[in-house]
Amino acid sequence: MNLSQEKSMNFSPEMGQKDILTGFIDTHIHTSPDVKPRLLNDYEVALEAQEKGMGAIVLKSHVEPTAGRAYITHRVTGFPVWGGVTLNLSVGGLNPEAVLNTALMGGKIIWLPTIHHKEIDLDHDALDEILHLVKEYNLILATGHLDSDEIFQVIDQCQSLGVEKIMVNHPLTRVVGASLDEQKEMARHAYLEHCWVATMPQHDKLDPKIMAESIKEVGAKHCILATDFGQEHNPRPVMGMQMMIASMIQQGISWKDVTRMCHDNPKKLLND
């Protein structure tokens with residue numbers, strides 16, 4: 001964190017620097033065990049979030065369900081930890097059974113394909129079955145690494161079936177590449193999850209100004225801020241969240257809107 005970011009951390013008159021994460025939720029953290037090196041394990045990342053006063057975290061894996069891991073971590077720490085399943089090849093792709101088991105184990109988020117999005121056909125019938133389960137068990141449907149055209153296909157199917165809890169993951173990254181007009185249209189039916197990892201040197205190198213401009217155009221009421229951290233070469237997730245908040249404040253995003261994106265919107269998705 002550079003000096004200007006550090007100075008901007010005390011941006012709320014009633015809140016000191018060490019308390020800025022109080023009640024906030026990170027909906028996108030990668031932890032070990034994993035097939036890729038991760039900075040922290042489930043327990044460690046939950047403990048750090050708890051120490052900072054955060055409200056909850058979500059554990060994500062590209063290769064295995066995290067609902068069971070989240071349950072154990074919550075029981076050990078007493079801190080709210082949620083999980084789900086990413087529908088990549090390792091769980092059978094668009095596999096309704098994986099979705100059902102995740103729901104029965106207390107999972108919250110069903111991510112559509114990420115690392116295998118090019119290998120998995122977005123079959124209408126299979127997706128239809130999955131969306132029925134998402135609605136029945138009050139889950140969150142996240143779009144993973146689908147491109148804009150595929151995301152609109154998913155949103156259309158969600159609309160036809162009455163699925164309302166939709167989250168478009170990192171729309172500004174190269175893998176998704178949603179234009180501002182597309183983001184505005186997506187935001188009519190879904191939350192846009194902006195992830196700080198996109199700004200990192202070994203990732204998209206996205207200018208934070210672009211992220212802030214997108215939020216201002218689309219509206220904070222339709223957005224969520226998350227880190228997507230956990231990689232060994234990036235800062236710890238709690239630091240990533242602090243960096244993201246400081247940067248957004250620098251770019252003219254109000255504390256009220258930060259709170260909406262880091263607390264109100266993710267809490268509504270997870271707890272409704």
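Every number in this text was worked out from the coordinates using simple rules, so none of it is lab data. Because the structure is a prediction, the values reported are computed rather than measured. Neighbour counts are summed over all protein chains in view; Cβ atoms, including those assigned to glycine, are modelled from backbone coordinates with ideal geometry.
Hey, if you put +1 on the Cβ of every Lys and Arg and -1 on every Asp and Glu Cβ in segment 3-271, which of ILE140, VAL258, GLY68 ends up farthest toward the positive end of that dipole?
In segment 3-271, that residue is VAL258.
For the pair VAL63 and ASP121, how long in nm is the line joining their label points, each one 7 Å along Cα→Cβ?
2.7 nm
Using θ = phi - 60° and the Karplus form 6.51 cos²θ - 1.76 cosθ + 1.60, what ³J(HN,Hα) does each residue of segment 28-41 get, whole Hz, x for Gly and Pro?
7, 10, 9, 10, 8, x, 7, 7, 10, x, 10, 6, 9, 8
Rounded to the nearest 500 deg cm²/dmol, what is the calculated helix-only ellipticity per residue at 222 nm for the chain, with -39500 (n - 2.57) per DSSP H run of length n ≥ 4? Could you put the intermediate results ahead of the total?
On the way: 11 runs with 106 residues, N = 272.
One gets -11500 deg cm²/dmol as the mean residue ellipticity at 222 nm.
Quick one: what are the phi-derived ³J(HN,Hα) couplings along segment 236-252, Karplus 6.51/-1.76/1.60 with θ = phi - 60°, whole Hz, x for glycine and proline?
Residue by residue, segment 236-252 yields 5, x, 5, 5, x, 5, 4, 4, 5, 4, 4, 5, 5, 4, 4, 8, x Hz.
Mind sorting out which of (1) 170; (2) 112; (3) 135 is the real volume of the Cα convex hull per residue in Å³ computed from the coordinates?
(2)
Nearest 10 degrees, 0 to 90: what angle lies between the long axis of helix 124-136 and the longest principal axis of the chain (Cα atoms)?
For 124-136 against the chain, the angle is about 60 degrees.
Once amide H atoms are placed 1.01 Å from N in the peptide plane, what residues at a sequence separation of 5 or more from MET200, or on another chain, have their amide H within under 5 Å of its amide H?
Placed amide hydrogens put LYS205, LEU206 under 5 Å from MET200.
Amide H of ILE140: which non-local residues (sequence gap of 5 or more, or other chain) have their own amide H closer than 5 Å, using H built in the peptide plane?
ILE109, ILE110
Could you give the length gained by full extension between ASP156 and GLN250, i.e. 0.36 nm per residue of separation minus their alpha carbon distance, to one decimal place?
Working: separation 94, 0.36 × 94 = 33.84 nm, distance 3.60 nm.
Here the segment from ASP156 to GLN250 would lengthen by 30.2 nm.
Once you've got the Cα coordinates, tell me which of LYS118/LYS267; LYS60/LYS205; LYS36/LYS268 are over 29 Å apart. Write down the numbers at each step before the final one.
Numbers: LYS118/LYS267 31 Å; LYS60/LYS205 22 Å; LYS36/LYS268 31 Å.
Pairs exceeding the cut-off: LYS118/LYS267; LYS36/LYS268.
If amide hydrogens are placed 1.01 Å from N in the peptide plane, which non-local residues have theirs closer than 5 Å to the one on HIS28?
It is VAL58, THR227, ASP228, by chain and number.
Just to check I understand the Karplus step: with θ = phi - 60° and J = 6.51 cos²θ - 1.76 cosθ + 1.60, what whole-Hz values come out for segment 195-207, glycine and proline as x?
10, 5, 4, 4, 8, 6, x, 8, 10, 7, 6, 5, 5
Under 24 Å Cα-Cα from LYS209, which lysines qualify once same-chain neighbours fewer than 8 residues away are excluded?
Here the lysines satisfying the reach criterion relative to LYS209 are LYS7, LYS184, LYS221, LYS256.
How far is it, in nm, from the label point at ASP19 to the one at THR77 when both lie 7 Å from their Cα along the line to the Cβ?
2.2 nm
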